[in-house]
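*Asks:* Here it is: the structure, laid out below.
The values are calculated or read from the model by the stated rules, or taken from the named source; none is laboratory data. Source: prediction; values computed, not measured. Glycine also receives a Cβ, built like all others from the backbone with ideal geometry; neighbour counts cover every protein chain displayed. Just the protein is used for accessible areas: all its heavy atoms, side chains included, with ligands, DNA and RNA removed. Shrake-Rupley method; radii C 1.70, N 1.55, O 1.52, S 1.80 Å.
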Amino acid sequence: MAPSHLQAQLQLPDLAGQLAFSSERFQSKILSDQGFQKVILFAFSEGQELKTHTTPINALLLVLEGECSFTFPEEGMEKTLKPGQIIQIPAKVPHSLKALSNFKMVLIK
C-alpha cells in the first residue's frame, strides 16, 4: 500500500545525515523556505567558522552534533554549544561561531 499524502509529509528525515562535511568549506542546505520562515542545515568541519556578522531577523540555532564556540563579541560573551542545545540569536546583534569539532546545526529564521 502506497503511503498517503499526509504520511509522506509526516516522514521525519535524519537531519544530520542530509549533509556531509567538506574540508574545503562549510556546507549548507535549505530544508524549508516558506517566505516567512527559512530552515537551513549547516555542516562545519573542525576549525571552520562563520566570521562576525548579523541577521536582519531573530533566529534560533539548534546543535545536532559536535561542538562550536559561539560568540557575541560586542557583549564579550562566548559559549560552547553542544548537541541538543539551542541559542536564540537576536536580530542585528553581531555574532560568530567556530567549529570545535565536526559540527552540524539547524538555523531557523
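*Asks:* In the range 41-82, which residues are touching a helix residue (DSSP H, G or I) at 6+ places or on another chain (Cβ under 7 Å) and farther than 16 Å from SER28 by Cα?
*Replies:* Filtering the range 41-82 for residues touching a helix residue (DSSP H, G or I) at 6+ places or on another chain (Cβ under 7 Å) gives 41, 52, 64-65.
The one that is touching a helix residue (DSSP H, G or I) at 6+ places or on another chain (Cβ under 7 Å) and farther than 16 Å from SER28 by Cα: THR52.
*Asks:* Take LEU64 and decide whether it is in contact (Cβ under 8 Å) with a residue 24 or more places away in the chain, outside any helix (DSSP H, G or I) and out of contact with any Lys or Arg (no Cβ under 7 Å at 6 or more places or on another chain).
*Replies:* Numbers: in contact (Cβ under 8 Å) with a residue 24 or more places away in the chain: yes; outside any helix (DSSP H, G or I): yes; out of contact with any Lys or Arg (no Cβ under 7 Å at 6 or more places or on another chain): no.
Considered against the rule, which asks whether it is in contact (Cβ under 8 Å) with a residue 24 or more places away in the chain, outside any helix (DSSP H, G or I) and out of contact with any Lys or Arg (no Cβ under 7 Å at 6 or more places or on another chain), LEU64 comes out as no.
*Asks:* For the range 76-98, what are the residues that are touching a residue at least 12 places away in the same chain (Cβ under 8 Å), over 26 Å from ASP14 (Cβ atoms), not in a strand (DSSP E or B) and not aliphatic (A, V, I, L, M)?
*Replies:* Kept after step one, since they are touching a residue at least 12 places away in the same chain (Cβ under 8 Å), are these residues of the range 76-98: 80-98.
Imposing the further condition that a residue be over 26 Å from ASP14 (Cβ atoms) reduces the set to 90-96.
Okay, now just the ones that are also not in a strand (DSSP E or B), so 90-94.
Passing the criteria: PRO90, LYS92, PRO94.
*Asks:* Also, I was wondering about something else. Just a yes or no: is a residue in the range 83-91 open to solvent by 50 Å² or more (accessible area, probe 1.4 Å) and within 17 Å of SER22 (Cα to Cα)?
*Replies:* no
*Asks:* Which count do you get for residues in the range 33-56 that are β-branched (Val, Ile, Thr) and open to solvent by 80 Å² or more (accessible area, probe 1.4 Å)? Lay out the reasoning, then the answer.
*Replies:* The first filter runs over the range 33-56 and keeps only residues β-branched (Val, Ile, Thr), leaving 39-40, 52, 54-55.
Right, trim to open to solvent by 80 Å² or more (accessible area, probe 1.4 Å) and you get 52.
Adding up the residues that qualify gives 1.
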